[in-house]
Amino acid sequence: MENEVVSKNFIEQIIEKDLAEGHCDAVCTRFPPEPNGYLHIGHAKSILLNYGLAQKYNGKFNMRFDDTNPTKEKSEFVESIKADIQWLGADWEDRLFFASDYFGQMYEAAVKLIKKGKAYVCDLTAEQIREYRGTLTEPGKNSPYRDRSVEENLELFENMKNGVYQDGEKVLRAKIDMASPNINMRDPIIYRVAHMHHHRTGDAWCIYPMYDFAHPIEDAIEGVTHSICTLEFEDHRPLYDWVVRELEYEQPPKQIEFAKLYLTNVVTGKRYIKKMVEDGIVDGWDDPRLVSIAALKRRGYTPESIKMFVELCGVSKAQSSVDYAMLEYCIREDLKLKKPRVMAALDPVKLIIDNYPEGQIEYLDVDNNLENEDLGKRKVPFCRELYIDREDFMEEPPKKYFRLFPGNEVRLMGAYFVKCVSYEKDADGKITEIHCTYDPETKCGTGFTGRKVKGTIHWVAAPTALKAEVRLYENIIDEEQGVYNKEDGSLNLNPNSLEIRQCFVEPSLADAKAYDSFQFVRQGYFCVDAKDSRPDALVFNRIVSLKSSFRLPK
């Protein structure tokens, strides 16, 4: 409809007003992670939001690493972040930047503030600075070093740069207002002495800018028009605006805050994930039980499913939590028409068709996806000895159990009707073999209408079956207890978050490669593990089960 009204989120409304009023001629956004860990699902919202806005308004999207804290940063994290963003489909083209690219300009910016009388070198210790800062209800008090002359401050700051002082001996502070109701404006530290090796600049610098000082400078240098960040930076916006104003940038960027994406009962804190990695609870930052982007990719989530999830969450100023089930809904929706449906026995037990010719193998035509005819059919081998899932047979079934039990007849999916005639057990009472007979007149696709059965079960031909490992995941957090232990702050871990099974899958999966995904009939969606799977030893991660109680609100 031509007159259809498209609802715009509050950020889009701000951008369109800024374009209309000439605040900017073109839009430029950025994503500025600190390379001190792997990105998680919350970062995906920021990446897709910033990139999506640049796309919508025919603007530019910059990728920038805020590498101003060498103690926590690694090249490994830089490479993982780049890979995650590319996988999500956000294209920074030739605009890959690092805060460390601007260390020289940041130093000159600090010198400019000193010359304007807007910054000073302070000798107070970190503890004394905290004491002088005041509280939310009481104003701070001036540092005794606040009124040093411009000349003295310039000399001291240069000495800081030249390595004359030890770590923590002196800092450079902005001179703003120690009585400000916003504690961030009470003469914040903008440079510190830190004799640390930097992953890009080596030992060239022994002073490093603080994030609140560096970030607005980076945005201004790159021509970012809208610096979109999460709500915890809302109280820092006056300082952001003060920096760009005092440094007299011609087209100052505008900071806009939005609510973070919170998922219920998940761990995103880098400190906790680092400890789980170090303690061997997970096998890395990309363990499929985590919600890092690398973990979601390894588990089998797709960029399209994450984009759908982010869009459903929306953009607002209100903090809220989203149920993990909504993320699972999105991956089911994305995969259900795209992926072939194959058969696998995850808890296999042998089924023998006593009246089927020994040594004979016939190849049956089976649909790859009944909901998407374009995926075509495949040939599946069928023979006398099969594997079925143990749960598809019961000695003494309850009412309304329509699968296999003594005397009952079911259809083998895509094949024939079979009737259970007997079964065998081992010394422990465990079923080891199920014996059936088949009716050759009931072959699927022949139009047989003689009688009907209520149950259909899947199967895998034993002689041609491929051995595989499947990993069934639950939440790594014990959902009944919540994420954190109230007494010591540790994580409430679920001891049953990973179940490993040895199983059999049909031979059509012989050429499956890392990240290939399939629906295992009646079991869920599975993805070839990118870390541990090999052609001679397939490993599948369960992405998600087939059913959920989650429904989108109307």
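The values are calculated or read from the model by the stated rules, or taken from the named source; none is laboratory data. Quick caveat: nothing in here was measured; it's all calculated off a predicted structure. Note: ideal-geometry Cβ built from the backbone for every residue, glycine included; neighbour counts use all protein chains shown.
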Self-check item: Residues satisfying the stated conditions in region 388-435, i.e. aromatic (Phe, Trp, Tyr) and more than 22 Å from residue 521 (Cα to Cα)
Solution: 423
Self-check item: Qualifying positions in region 105-127 - acidic (Asp, Glu) and part of a helix (DSSP H, G or I)
Solution: 108, 127
Exercise. Taking the residues in region 400-422 that are small (Gly, Ala, Ser) and closer than 11 Å to residue 443 by Cα as candidates, determine which candidate is farthest from the chain's Cα centre (by Cα).
Key: 415
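Restricted to region 222-255, and to residues that are of a type in the set (A, V, I, L, M) and buried (at least 16 other Cβ atoms within 10 Å of the Cβ), which residue is farthest from the chain's Cα centre (by Cα)?
Our first condition is that a residue be of a type in the set (A, V, I, L, M); within region 222-255, this holds for 224, 228, 231, 239, 243-244, 247.
Keeping just the survivors that are buried (at least 16 other Cβ atoms within 10 Å of the Cβ) gives 224, 228, 239, 243-244, 247.
On the way: 224: 26, 228: 20, 239: 31, 243: 33, 244: 33, 247: 37 Å.
Checking each candidate, the answer is 247.
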Practice problem: Go over the candidates 307, 297, 270 one by one and state the one that is farther than 16 Å from residue 328 by Cβ and surrounded by 15 or more Cβ atoms within 10 Å (Cβ to Cβ). | Solution: 270
Practice problem: Could you identify the single residue in 47, 41, 15 that is among the β-branched types (Val, Ile, Thr), buried (at least 21 other Cβ atoms within 10 Å of the Cβ) and free of Cβ contacts under 8 Å to residues at least 60 places away in the same chain? | Solution: 47
Practice problem: Considering only region 139-231, give the strands (runs of 3 or more DSSP E) lying wholly within it that have at least 2 residues that are in contact (Cβ under 8 Å) with a residue 24 or more places away in the chain, touching a Cys at 6+ places or on another chain (Cβ under 6 Å) and under 21 Å from residue 129 (Cα atoms). | Solution: 171-174
Quiz prompt | From the options 511, 516, residue that is modelled with pLDDT of 90 or more, loosely packed, with under 12 Cβ neighbours inside 10 Å and under 24 Å from residue 372 (Cβ atoms) | solution = 511
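For region 260-321, list the helices (runs of 4 or more DSSP H) that sit wholly inside it and hold at least 3 residues that are over 23 Å from residue 51 (Cα atoms) and modelled with pLDDT under 90; which are they?
The helices (runs of 4 or more DSSP H) meeting that bar are 270-278.
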Quiz item: Just wondering, is there one or more residues in region 382-399 that are closer than 20 Å to residue 447 by Cα and not basic (Lys, Arg)?
Solution: yes
Self-check item: When residues of region 71-102 are limited to those that are out of contact with any helix residue (DSSP H, G or I) (no Cβ under 9 Å at 6 or more places or on another chain) and either part of a helix (DSSP H, G or I) or closer than 30 Å to residue 151 by Cβ (or both), the one modelled with the lowest pLDDT
Solution: 75
Practice problem: Scan region 6-33 residue by residue and report those that are outside any loop (DSSP other than H, G, I, E, B) and hydroxyl-bearing (Ser, Thr, Tyr). | Solution: 29
Quiz item: Taking region 322-332 as the search range and keeping residues that are charged (D, E, K, R) and crowded, with 19+ Cβ neighbours inside 10 Å, which one is nearest to residue 299 (Cα to Cα)?
Solution: 328
Practice problem: Scan region 96-128 residue by residue and report those that are free of Cβ contacts under 8 Å to residues at least 12 places away in the same chain and either farther than 14 Å from residue 209 by Cβ or buried (at least 22 other Cβ atoms within 10 Å of the Cβ) (or both). | Solution: 127, 128
Practice problem: May I ask you to verify whether residue 451 is part of a loop (DSSP other than H, G, I, E, B) and surrounded by 16 or more Cβ atoms within 10 Å (Cβ to Cβ)? | Solution: no
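Name the residue that is farthest from residue 344 (Cα to Cα), counting only residues in region 392-445 that are among the acidic types (Asp, Glu) and surrounded by 19 or more Cβ atoms within 10 Å (Cβ to Cβ).
Per the stated criteria, the residue is 409.
Yes/no matrix, rows are residues, columns are (1) within 29 Å of residue 410 (Cβ to Cβ); (2) surrounded by 18 or more Cβ atoms within 10 Å (Cβ to Cβ); (3) touching a Lys or Arg at 6+ places or on another chain (Cβ under 9 Å); (4) at pLDDT below 95:
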{"position": "475", "(1), (2), (3), (4)": "no, no, yes, yes"}
{"position": "481", "(1), (2), (3), (4)": "no, no, no, yes"}
{"position": "486", "(1), (2), (3), (4)": "no, no, no, yes"}
{"position": "505", "(1), (2), (3), (4)": "yes, yes, yes, no"}
{"position": "520", "(1), (2), (3), (4)": "yes, yes, yes, no"}
{"position": "542", "(1), (2), (3), (4)": "yes, yes, yes, no"}
Self-check item: Any pair with Cβ under 6 angstrom, 6 or more apart, that starts in region 377-390 at a residue that is touching a residue at least 24 places away in the same chain (Cβ under 8 Å) and ends at one that is acidic (Asp, Glu) and part of a strand (DSSP E or B)
Solution: 382/362
Quiz prompt | Test result for residue 68, of a type in the set (S, T, N, Q) and touching a Pro at 6+ places or on another chain (Cβ under 8 Å) | solution = yes
Quiz prompt | Among (1) in a loop (DSSP other than H, G, I, E, B); (2) over 30 Å from residue 545 (Cα atoms); (3) modelled with pLDDT of 95 or more, the one test that residue 463 misses | solution = (2)
Self-check item: Filter result for residue 68 (in contact with a helix residue (DSSP H, G or I) (Cβ under 9 Å, 6 or more places away or on another chain), surrounded by 19 or more Cβ atoms within 10 Å (Cβ to Cβ), among the β-branched types (Val, Ile, Thr) and farther than 30 Å from residue 324 by Cα)
Solution: yes
Quiz prompt | Filtered residue count, region 427-460, keeping only those that are modelled with pLDDT under 95 and aromatic (Phe, Trp, Tyr) | solution = 1
Quiz prompt | Meets criteria (at pLDDT below 90 and hydrophobic (A, V, I, L, M, F, W, C)) for residue 63 | solution = no
